[in-house]
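Undergrad: Quick one: structure below, then a few questions.
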Amino acid sequence: MNRKSIIGLILIFGIFVGYMWWIAPSKEEIAERQRINDSIRTALADSIRTADSIASVKARLDSLAAQGDTMAQRQLQMNQRGDMGAFNASTYGDTIEVTVKNEKMCVSLSNMGAQVREVVLNDFTTFDKRPLQLISPADDNMNLVFSTEDNHVVNTRDLVFVPYRKNGSKIEPITSSTDIELSGEDSTAIILRAYVGDSNGVSKNCYLEFAYGFKGDEYDVDFDINTHGLAKIIRSSDYMDFEWHNKMNRQEKVDASTRGSKNRNKDPEKFYSSIYYKAAKDDVDEVGRGRDADKNIKTSVEWVAFKQQFFCAILVADSTFTNADLSQVTDKENKDANYLCDMSGTIGLAYDNEHDCTMGMNFYFGPTKFRDLRAMHRGFEKMLPLGWWIFSRFVSRWLIIPTFNFLETFNWNYGIIIIVFTFLLRLVLFPLTFKSYQGSAIMRILKPEMDALNKKYPNPEDAMAKSREMTALQKKAGYNPLSGCLPILIQMPILTAMFMFYPSAIELRQKHFLWCDDLSTYDSILDLGFNIPLYGDHVSLFCLLMFGMQFFYTWYTMRSQSGQATMPGMKFMMYFMPFMMLFMFNSMAAGVNLYYFFSLSLTMLQMILIRKFTSEKKIRARMAAYDAKNKNAKKGPQKKSKFQQRLEEMQKMTEEMQKQQNRR
């Protein structure tokens, strides 16, 4: 190391030492920093002591509350609910549940939030015979949100209401949990009030009221929210937000391997579950059938419904709601086998701050039977998925459902009703299908001539010539291939409507037939214990019968058409279709499979009878008469219509194009 390097290192070291001396704090600065650190340590110690004190006080309150000390219980409730301002007097109290049971349902009301805590339908059970719980118990089923003039946001779910029972004009307080039974023309009203006040007392003239009205034999519950003497307490606003929520439980049987599927054939209850609503100047609409979705409706709404496959809860406004924010969500973390989804809505209730206000509504908790829903004249029946508008309005509503309801009056087994209904339907459709079946019988008679044409034109380039001669042969026999197309198109709306009707018909729910316990869901004669992809973990006998009949029908029709020219791969597709239906319909409702099985059976019977009674002698005589007529016609060029000329020109052009293609 040379002298210059040593001098450079010494200078760098000197600069570093000088810089450290220059930035070092003075004695006064060191003393100030020590004082700040001591203050921080003192404050931290004080906060720890305060937290310990609070925890100790809370533990003491919990202990006293557990021992029955009412003052301790009241203070604990107030601490938990927070400051409610003018409604502080309604933040504590004993829990009281009022259960009203009529002939249709059992409704439990809680004074904690004045909400409908639970609804159980009396005449129905779940697939595994548990009580059918339409509204699930929860602390957030209902909540009214508003602001007060003293700058507090009040959630009614945090208020403790005082319950009363109204009989006629007399109002009596309810001091403990009680059960009320109604029947026939009985009626009653349960009133819950949250009073304004504080620890010094309450004002009996200022309160928020939730009023529920019940009748002895109805699924409806009258529901009013009333304000009394709150004009100077609740902040002025055009509307209040009413939050309505329900955890939807599964009521129907589903294949474990397809639970949660968006396919209507695999998990119909999930597919048909949705939030429906009716806008004031629009038709009934839905949020998202069978999937998570949300929708913000900014216009007036007449009603909102939480609908499952066969049951629904509907909130109906006496006039209209101002708006609605609706959401359907599936909690992925919820592994309960009986959990379906969560439905919720934030609904705007019109509010008049200048006077005592009544926000009138009513609930419907019940089944989705078409006839009952339509009788309410609110458009509820449009929630039922009966197909496109032309199918549902003209076919399902005015043909299928009335006929089905008429057959119900005979008190037959519902399996028998499906069979009779299918027979009547095939009888009505027979004039439309006769031409098609007769054409199939004629083609069987013409099979020798068809085979001869196939031998005469074996090459693909002769397809047009073969097609012309086949058409001429069919014309001689009096058969028009297009005559069977129109009847098929006409009967399609009926067949499609039938496919849509059965999975949504509550009439079939838990109705047995032969080995099947429930015609509204799949029948299982064998639980496999393992899942076959796309098929399931069970074997449906009605589906197997439908598959066998469809395969036989395909074989029978394809055999009669063996001489006809068909598209490449068409034969494979026809035989593949029954297997596809076997996988698609294994988890389908047994009523649907029973309908298709019996319908195919009747179709086969019709075809066999028509073929048997179609006289070959008459067909041959008709062909001979046609030949004689054309033979005696005058010789020379015959006058042809412009349509015939253009058709022949198009055929010639097609033949030329095909020949050129074959040359390449």
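The values are calculated or read from the model by the stated rules, or taken from the named source; none is laboratory data. Note that the structure is a prediction, hence the values are computed from the model and not measured. Every residue, glycine among them, receives a Cβ derived from its backbone with ideal geometry; neighbour counts consider all protein chains shown. Side chains included, ligands, DNA and RNA excluded: accessible areas come from the protein's heavy atoms. Shrake-Rupley method; radii C 1.70, N 1.55, O 1.52, S 1.80 Å.
Undergrad: What are the residues whose amide H is under 5 Å from the amide H of Ile135, where those residues sit 5 or more places off or on another chain and H is modelled from the backbone?
TA: Placed amide hydrogens put Val119 under 5 Å from Ile135.
Undergrad: Determine, from the Cβ-Cβ distance of Glu354 and Ser169 and an R0 of 30 Å, the FRET efficiency 1/(1 + (r/R0)^6), rounded to the nearest 0.05.
TA: With a Förster radius of 30 Å, E is 0.65.
Undergrad: Which ³J(HN,Hα) values in Hz, rounded to whole numbers, follow from the phi angles of the stretch 188-196 under the Karplus curve 6.51 cos²θ - 1.76 cosθ + 1.60, where θ = phi - 60° and Gly and Pro get x?
TA: 7, 9, 10, 10, 10, 10, 10, 8, 7
Undergrad: Modelled label-to-label distance, Val329 and Arg235, 7 Å Cα→beta-carbon offset: nm?
TA: Result for the modelled spin labels: 2.5 nm.
Undergrad: Leaving out ligands, DNA and RNA, what percent of the accessible area of the stretch 138-231 is carbon and sulfur, probe 1.4 Å?
TA: That fraction is 41 percent.
Undergrad: Here's something else I'd like to know. Which cross-chain or sequence-distant (5 or more) residues have an amide H under 5 Å from the amide H of Arg250, H modelled 1.01 Å from N in plane?
TA: When sequence neighbours closer than 5 places are left aside, the close amide H contacts are Tyr339, Leu340.
Undergrad: Please list, ordered by chain and number, the residues whose modelled amide H lies under 5 Å from the amide H of Phe146; skip anything fewer than 5 residues away on the same chain.
TA: Val154
Undergrad: Next question, about the same structure. Ser147 to Asn531: extension gain in nm, 0.36 nm per residue of separation minus the Cα-Cα distance?
TA: 132.8 nm
Undergrad: Convert each backbone phi in the stretch 415-428 into a coupling constant with the Karplus relation 6.51 cos²θ - 1.76 cosθ + 1.60 (shift: θ = phi - 60°), then list the ³J(HN,Hα) values in order as whole Hz, x for Gly and Pro.
TA: x, 5, 4, 4, 5, 5, 4, 5, 4, 5, 5, 5, 5, 5
Undergrad: Residue-wise, which Karplus ³J(HN,Hα) couplings in Hz belong to the stretch 519-526, taking 6.51 cos²θ - 1.76 cosθ + 1.60, θ = phi - 60°, and x for glycine or proline?
TA: In residue order, the calculated couplings are 6, 8, 9, 6, 9, 10, 9, 8 Hz.
Undergrad: Please report, largest first and rounded to whole Å, the three semi-axes of the ellipsoid equivalent to the stretch 185-287, where each semi-axis is the square root of five times an eigenvalue of the C-alpha gyration tensor.
TA: 40, 19, 16
Undergrad: Multiplying the sequence separation of Met492 and Met604 by 0.36 nm and subtracting their Cα-Cα distance, what value in nm do you get?
TA: My answer for the length gained is 38.5 nm.
Undergrad: Between Lys571 and Arg291, 0.36 nm times their residue separation minus their Cα-Cα distance comes to what?
TA: My answer for the length gained is 97.0 nm.
Undergrad: If R₀ is 51 angstrom, what is the calculated FRET efficiency for the pair Phe423 and Ile180, using the beta carbon separation as r and rounding to 0.05?
TA: Once the sixth-power term is evaluated, E becomes 0.55.
Undergrad: Leaving out ligands, DNA and RNA, and with a 1.4 Å probe, what % of the accessible surface on the stretch 290-434 is carbon or sulfur?
TA: 57
Undergrad: If we count every other residue with Cβ under 12 angstrom of Gly591's Cβ, Lys/Arg +1 and Asp/Glu -1, where does the sum land?
TA: Net of charged neighbours comes to -1.
Undergrad: Relative to the Cα centre, what is the charge dipole magnitude of the stretch 163-322, using +1 at the beta carbon of each Lys and Arg, -1 at the beta carbon of each Asp and Glu, and rounding to the nearest 20 debye?
TA: Roughly 580 debye, rounded to the nearest 20.
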